[in-house]
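To keep things clear, I will list the structure first and then write my remarks on it.
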2 protein chains.
Amino acid sequence: MKKNEAIDYCINLAKNAIENDIRPNPFVGAIIVDQANQVIGEGFHQKLGGPHAEVYAIEQALQKTTDLSQATLYVSLEPCSHFGKTPPCADLIIQHKIKKVVIASLDPNPKVASVEKLMAAGIEVEVVNDSTATLLNAGFFTNQLKKRPFYILKSASTIDGKIADYAKNSQWISNAASRQFVHDHLRSNVDAILTTYKTVIQDKASLTIRNTEGGIQETNVIIIDKDLELLEKQYENLPIFYPRSLSKIILITAHTPSIQLPENVECITGLFDEQGLLFSSVSETILEMGYYKILTEAGSQLNSSMIHQNIADELYWFIAPSILNDLNALPMLGLDQFCALDKKVQLSLIETKVIDEDVLLHYRFNQI
Amino acid sequence: MKKNEAIDYCINLAKNAIENDIRPNPFVGAIIVDQANQVIGEGFHQKLGGPHAEVYAIEQALQKTTDLSQATLYVSLEPCSHFGKTPPCADLIIQHKIKKVVIASLDPNPKVASVEKLMAAGIEVEVVNDSTATLLNAGFFTNQLKKRPFYILKSASTIDGKIADYAKNSQWISNAASRQFVHDHLRSNVDAILTTYKTVIQDKASLTIRNTEGGIQETNVIIIDKDLELLEKQYENLPIFYPRSLSKIILITAHTPSIQLPENVECITGLFDEQGLLFSSVSETILEMGYYKILTEAGSQLNSSMIHQNIADELYWFIAPSILNDLNALPMLGLDQFCALDKKVQLSLIETKVIDEDVLLHYRFNQI
């Protein structure tokens, strides 16, 4: 087995995990290869707080041989070197005198320093910096390095980039299958949905997850509402205030509220300027509350502002096969700023998908 | 062989033709199937003025058997019934007493009426109306039915639908491979490129075909230039006026020019309103001049106007992985009209293609 094949093997193992079961932990896969280049142990990180991938791989290998001194461990992410929810994997590797460790991507957490620890113990270490392994844990890396949630934008527009007509009619731009995709693959795979009080009021949005059988599932919702307008009496029967048993509404406001908050509603305060919320003032708090991965579903202004603040991580863009051909229609993105061509925001294409006649383009933002 | 398989077989045969060799004739493929359901003859229309697909198929079948009275002819387009550049295929079918004819799409030309002729001769006829067979000859059908060229729009934009920044800088939005695709697959496959005098001046465009080895090929260019500004002395050295031996420049103007025209430049007059050229005033003339398939390469205004006039047939849209996020940047499309969501223009997706990190979406307009 070649090195690249071994790394791909680890990455494919890692993908067996269900993200909702492990978040905020990373996806990790590991294999042990013996002197004859045969895989004698494999594993992946399956559950938050459960054994790491390396533990499974080593335990499986030990059932076949007690001597790992000629074996190589391949792992998609740098092994842990500190006591967290489990003992350090680096210690386990050293204990079994594994000959060599090949690491496909380094852990950005400074507490993780197993490369040095392993080398000090006489173990050969190779770090590959594989881009697929890094992309697999984009959310985890963002959480660790930037101390903020991983923010995913979603937009549905016509070919000419409009999300509503001149009179703000927007139902429906994208087709039914695209809308179901949002429920099945986007809302289902994040810790909260981020939106604005305007969208909640205008769209009478509940922001639940509706499966294809019609079943409804709750979601956490984070709503930017500077002046807590949503708490006005006239809005108390909005769909967003459905009875919640598993989820919360978090309002981001400029001032700590003096009134009693409804059940399952919490407030956090943030700084605002004339463009809206400054995300740097709330992102770490949101992360610490356990919202590691967030889907933004809102209008042009919030999406544009998040891109401008350089905190948009991914974009899912649904393109309907239609054209409004009207300058007065609502654009998907845009601030009243002057951006020269050479200052444009660059993205990388992750995937394209045809959903009936809609096209879904999935991008990653190339952040600086 | 089932009916659908036989029709697909014919369509695949038809596609063997090189469009530039047959235009304005349609793509046609035909097969003869004997009583034992074996293909005993096949052919496709190869060259303008040359034998039709049915002729090849029948001649090949006759080498195997002189009796076609139990055979079925499958053909992707209704056989001709009139004397054109070749004798009518319907007569040939009748002459050889072919039992049955299955036609995948009808010819829109009212002079073609072979269904009636064949049936009157006692031949069983089945018309299928296959959508792939119809799409294959979209250009031919448009020429015949609408008495105008088949108009293809091309645009390259950012994700937020901008073709240039606020200062009109547009070099380059799309990547090098996308631009080469335009030369290899779009410019090379039309009879002329349509643009405006503004684009020709602003982009210093030559609109030639540049192959990957750097070779240059001429193209016919049709330029909308109401007041013949391009003929002003200051523009005589523009790249568009390169020495031409195989191609022409056609200027569409409001008034017949009184001055002597440069070599290889011709004028046709059209009607203009405040939005620009009214295509209905020139389309038939352009068609009669032999420009059957035309690629529009221009700015937002011409594309928007052609969509508004309901004469855009196809769109090739290159999407670069970037965002300007600026309301002041130049939009790909849009007129200052008010278009309600339910009046939007509908398109059908033909193909998606990833070109490096650009995405190419190819659409057909669903015209009324």
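So in region B:158-194, with the set limited to residues that are in contact with a Phe, Trp or Tyr (Cβ under 7 Å, 6 or more places away or on another chain) and within 14 Å of chain A (Cβ to nearest Cβ), which one is farthest from A:LEU341 (Cα to Cα)? My answer is B:SER178.
Which one is farthest from A:LYS146 (Cα to Cα), of the residues in region A:93-125 that are of a type in the set (Gly, Ala, Ser) and touching a helix residue (DSSP H, G or I) at 6+ places or on another chain (Cβ under 8 Å)? Spell out how you get there, then give the answer.
Step one: of region A:93-125, the residues of a type in the set (Gly, Ala, Ser) are A:104-105, A:113-114, A:120-122.
Retained after the next criterion (residues that are touching a helix residue (DSSP H, G or I) at 6+ places or on another chain (Cβ under 8 Å)): A:104-105, A:114, A:121.
Values: A:ALA104: 21, A:SER105: 17, A:SER114: 21, A:ALA121: 31 Å.
Only one residue fits best here, namely A:ALA121.
Just one of the listed residues (B:ILE152, B:ILE123) is more than 14 Å from chain A (Cβ to nearest Cβ) and touching an Asp or Glu at 6+ places or on another chain (Cβ under 6 Å), namely B:ILE152. Scanning region A:105-122 for residues that are within 15 Å of A:LEU92 (Cβ to Cβ) and part of a loop (DSSP other than H, G, I, E, B) yields A:VAL112, A:ALA121. Hey, can you tell me all the residues within region B:18-34 that are within 24 Å of B:HIS96 (Cβ to Cβ) and either outside any loop (DSSP other than H, G, I, E, B) or in contact with a Pro (Cβ under 9 Å, 6 or more places away or on another chain) (or both)? B:VAL28, B:GLY29, B:ALA30, B:ILE31, B:ILE32, B:VAL33, listed by residue number.
When restricted to residues that are farther than 26 Å from B:SER247 by Cα, in a loop (DSSP other than H, G, I, E, B) and more than 9 Å from chain A (Cβ to nearest Cβ), region B:290-342 contains 2. Checked against (1) of a type in the set (Phe, Trp, Tyr); (2) free of Cβ contacts under 8 Å to residues at least 60 places away in the same chain; (3) under 30 Å from B:ASN4 (Cα atoms), B:PHE140 passes all but a single condition, namely (2).
Scanning region A:343-354 for residues that are in contact with a His (Cβ under 8 Å, 6 or more places away or on another chain) and within 7 Å of chain B (Cβ to nearest Cβ) yields a total of 2. Residues that are surrounded by 19 or more Cβ atoms within 10 Å (Cβ to Cβ), modelled with pLDDT under 95 and aliphatic (A, V, I, L, M) within region A:119-163 comprise A:ALA133, A:LEU136, listed in sequence order. Of the residues making up region B:64-92, those that are in contact with a helix residue (DSSP H, G or I) (Cβ under 7 Å, 6 or more places away or on another chain) and farther than 17 Å from B:LYS117 by Cβ are B:LEU68, B:ALA71, B:TYR74, B:SER76.
Of the numbered criteria (1) modelled with pLDDT of 95 or more; (2) of a type in the set (Val, Ile, Thr); (3) closer than 30 Å to A:TYR363 by Cβ; (4) in contact with a Leu (Cβ under 9 Å, 6 or more places away or on another chain), the one A:VAL75 fails is (4).
Only one of the numbered conditions (1) surrounded by 20 or more Cβ atoms within 10 Å (Cβ to Cβ); (2) modelled with pLDDT of 95 or more; (3) over 15 Å from A:PHE140 (Cα atoms) is not met by A:TYR9, and that is (1). Residues in region B:287-310 that are under 16 Å from the mean Cα position of the chain (by Cα) and surrounded by fewer than 20 Cβ atoms within 10 Å (Cβ to Cβ): B:GLU288, B:MET289, B:GLY290, B:ASN310. With respect to the conditions (1) touching a Lys or Arg at 6+ places or on another chain (Cβ under 6 Å); (2) buried (at least 20 other Cβ atoms within 10 Å of the Cβ); (3) among the aliphatic types (A, V, I, L, M), A:ILE209 lacks only one, and its number is (2). Residue-level check: of (1) at pLDDT below 95; (2) within 30 Å of B:ILE350 (Cα to Cα); (3) more than 9 Å from chain B (Cβ to nearest Cβ), A:GLU357 misses just (3).
The values are calculated or read from the model by the stated rules, or taken from the named source; none is laboratory data. Remember, it's a predicted structure, so these values are computed and weren't measured experimentally. All Cβ positions, glycine included, derive from the backbone under ideal geometry; neighbour counts span all protein chains shown.
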